[in-house]
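Engineer: Handing you this structure, nothing more for now.
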Amino acid sequence: MFFSNTHTSLVDIKVGHLCQLSQGCDTFFFLLPMPSKKSASDMEENIEKGCNIASLLDLPESTLDFILKLLSPIELCSMSEVCTSLRDRSQSDHLWEEHMKRKWVKVVGDVAYKEWQWHVTAAKEGNFLNQRIDHYGSLGSFTGIWPTLYLGSYLEDCRILEGQRSNKFMMTLYLSLESGRFWFPAQVYKGLMIHHALVSYDTKSNTFQARHQTGGWRNLGTNIEWDMVRVPTVGTPPYALHVSDCLDNLKPGDHIEIQWKGTSTTPTYDWWYAVIGHLESCSENVLYCQCHHSGSLIVEFKQYPQGSYMRRIQLSRKNGEQGDNVGGYYGGIRKLHSEEEIETWQKLFPAHVQRAPILHYMPPVPAQLPIP
Ligand SMILES: [Zn+2]
């Protein structure tokens, strides 16, 4: 790898190789961990040539930090085994935060960070002494029986947070995610719904497995691709009713997600994709449509075929749970503004629905309005 800036240039930064750093008029060579025989002989050769040989730690603070920022997570782990000083630098939060953003930003959100903070705090307070499955459930080793979770996450093996490592928030989080030991809260597209789930990464297949709460923590799927997992889009917990702020402005053609659960005793809501439709009494002519002024809201699930009882429902335009044990219970609504989100949903539609045009509501322009 080559890079340069106005003050320095560095050649071949790969860990385990001889590195050449030019700074001003001086040229330095230094050896990163795990040197090969060739690198060592190169170094000897350069000593004979009279070049400056410096320890990595002799570099200016900013230069060393610049180098560390270019290392991969594996290389940072190797670097941290060299000496105490390099260990502390290689494990610092600001370096690992960058790797967290690079790899996990699409699936790990604020709620997962808060859960991790809980585990870190528990480790610091020594709550891991009584491991196995205690009444908090998420502490201790995974024994094959999925515990009843009081937390919204699960850490299979808490040894990563033992001792001083509990002070390395970002690194331990990254490594726990990478190893699949941290089951973090996320949302998973499955079928025609999105479910709240605990998700674990499988590094070999580069996919996820997920469990969701339906009476117990049941398997939701394995080999789940990256684009089928997302950060929870609202702060509302899975078991709580989402309070909508968009109800008064919803109009036919708007794309939404709506909370839904099958029965009143189902512990958590899932989210369903829908489009706002026209009232029965409306001709669907945009010139005369008054649906957006009605106290009722038509919610159309266009992913289901015409004639299906799942296709269309009329709700009141108000916050609060609506429905019954036959058709299920509907909760809060979230309006979709992102084309990317809408496209993700539409890719999940059955093929015959995908081919149907999605009608967008076009508000009338003044020239089209009827003359009073
Ligand atoms: Zn209408």
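The values are calculated or read from the model by the stated rules, or taken from the named source; none is laboratory data. This structure is a prediction, so every number in the text was calculated from the model and none was measured. Using ideal geometry, Cβ is built from the backbone for each residue, glycine included, and neighbour counts are taken over all protein chains shown.
Engineer: Restricting to segment 327-348, give me the number of residues that are more than 19 Å from Asn249 (Cβ to Cβ) and either surrounded by 13 or more Cβ atoms within 10 Å (Cβ to Cβ) or more than 28 Å from the chain's Cα centre (by Cα) (or both).
Structural biologist: Selection size over segment 327-348: 7.
Engineer: Right, something else. Select from segment 163-216 the residues that are in a loop (DSSP other than H, G, I, E, B), touching a strand residue (DSSP E or B) at 6+ places or on another chain (Cβ under 8 Å) and not hydrophobic (A, V, I, L, M, F, W, C) and list them in ascending order.
Structural biologist: Within segment 163-216, Gly180, Arg181, Ser205 meet the criteria.
Engineer: Determine, yes or no, whether Tyr239 is over 26 Å from Met100 (Cβ atoms) and in contact with a Lys or Arg (Cβ under 7 Å, 6 or more places away or on another chain).
Structural biologist: No: the conditions fail for Tyr239.
Engineer: Of all the helices (runs of 4 or more DSSP H) wholly in segment 62-151, which have at least 2 residues that are at pLDDT 90 or above and closer than 19 Å to Tyr201 by Cβ?
Structural biologist: 73-79, 93-104, 110-124
Engineer: Can you pull out every residue in segment 289-326 that is near the ligand (Cβ under 10 Å from one of its atoms) and exposed (fewer than 12 other Cβ atoms within 10 Å of the Cβ)? Spell out how you get there, then give the answer.
Structural biologist: Within segment 289-326, the subset near the ligand (Cβ under 10 Å from one of its atoms) is 289-294, 298.
Those that are near the ligand (Cβ under 10 Å from one of its atoms) and exposed (fewer than 12 other Cβ atoms within 10 Å of the Cβ): Gln290, His293.
Engineer: Of a type outside the set (Gly, Ala, Ser), touching a residue at least 12 places away in the same chain (Cβ under 8 Å), within 14 Å of the ligand (Cβ to nearest atom) and in contact with a Leu (Cβ under 8 Å, 6 or more places away or on another chain), is that true of Val286?
Structural biologist: no
Engineer: Pairs only if they're at least six apart or on different chains, beta carbon under 9 angstrom, first in segment 241-261 and without any contact (Cβ under 8 Å) to a residue 40 or more places away in the chain and of a type in the set (A, V, I, L, M), second more than 16 Å from the ligand (Cβ to nearest atom) and in a loop (DSSP other than H, G, I, E, B); list them, first residue then second.
Structural biologist: Correct list of pairs: empty, since none qualify.
Engineer: Please go through segment 238-279 and pick out each residue that is under 20 Å from Ser338 (Cα atoms), assigned to a loop (DSSP other than H, G, I, E, B) and within 16 Å of the ligand (Cβ to nearest atom).
Structural biologist: Hits for segment 238-279 are Leu250, Lys251, Pro252, Gly253, Asp254.
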